[in-house]
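**Student:** Handing you this structure, nothing more for now.
Just so it is clear, none of the values below were taken in a lab; they were calculated from the coordinates. Treat the numbers as computed from the prediction; the structure is a model and nothing was measured. Here the Cβ positions follow ideal geometry from the backbone for every residue, glycine too, while neighbour counts run over all protein chains shown.
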Ligand code: AMP
């Protein structure tokens, strides 16, 4: 999907998606990626994919990263930044990119800025998905994922037709290790401490676009598209 040489007619769309874990950024990134053709980079997905590698195929940095992830802690900035820098082709994608789950600290945001400046790439905006903490925790603890097709369900809000079985491919649904109560608590603390200051960081740069993440994914997507529409100049 990533074509670094500009031949598309449409302007590239380049966004960072911010928000607490479980707020639905991943789903919105997927929907935006389908609409704009932009490349989606989810650092969490990259780490999860590394889990299925044999121990011998994992670098020491990735092995350590998976241990941080299992506990719900943030992976060290250096490892995450290297991982994103390795995906420079996605950042150069002619249709743009959607960064989902990165940056997650101010240090990562500063590194991203350096990479983009070096590449002469401009960020269009930072979509910040907001939801009260107790709702975020409820979403995370009820989340069930299909290991096969990656479909996501919720035990109450979006239950599968047959309990524990994926509607789409029949896979056996599982609860992510970091969606268990102890890891959720650690992730929320990491979010409050390290990630929430990013909203202010991007607000000061005039890039922040806030979206209320209540309701169904389709409704939130509508809100997102509305927020991205160019504002009409007020008549004098
Ligand atoms: P996510 O699926 O985005 O919630 O990410 C799952 C886990 O991957 C997080 O709890 C972290 O352990 C790790 N992770 C993903 N992205 C980052 C990041 N940008 N910085 C640090 N850790 C990350």
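**Student:** Between residue 205 and residue 229, what's the calculated FRET efficiency when r is the beta-carbon distance and R0 is 22 Å? Round to 0.05.
**Tutor:** Details: r = 21 Å, r/R0 = 0.94.
The formula returns an efficiency of 0.60 here.
**Student:** Quick check: pseudo-label points 7 Å beyond the Cα along Cα→Cβ at residue 82 and residue 214, how many nm apart are they?
**Tutor:** 4.4
**Student:** How big, in percent, is the set of alpha carbon pairs in region 20-96 lying more than 16 Å apart?
**Tutor:** Details: 1685 of 2926 pairs.
Result for the distance tail: 58 percent.
**Student:** Could I ask something else about it? Output the Cα-based Rg and Dmax of region 91-236 in Å, rounding Rg to one decimal and Dmax to a whole number.
**Tutor:** Both quantities, over Cα of region 91-236: 18.2, 60 Å.
**Student:** Let me ask something else. Looking only at the chain, where both bridge partners belong to it, what percent of the DSSP beta bridges are antiparallel (to the nearest 5)? Display every interim value, and only then the final one.
**Tutor:** Details: 6 of 25 bridges.
So the antiparallel bridges in the chain amount to around 25 percent.
**Student:** So how far apart, in nm, are the two label points at residue 120 and residue 156 if each is 7 Å from Cα heading toward Cβ?
**Tutor:** 5.3
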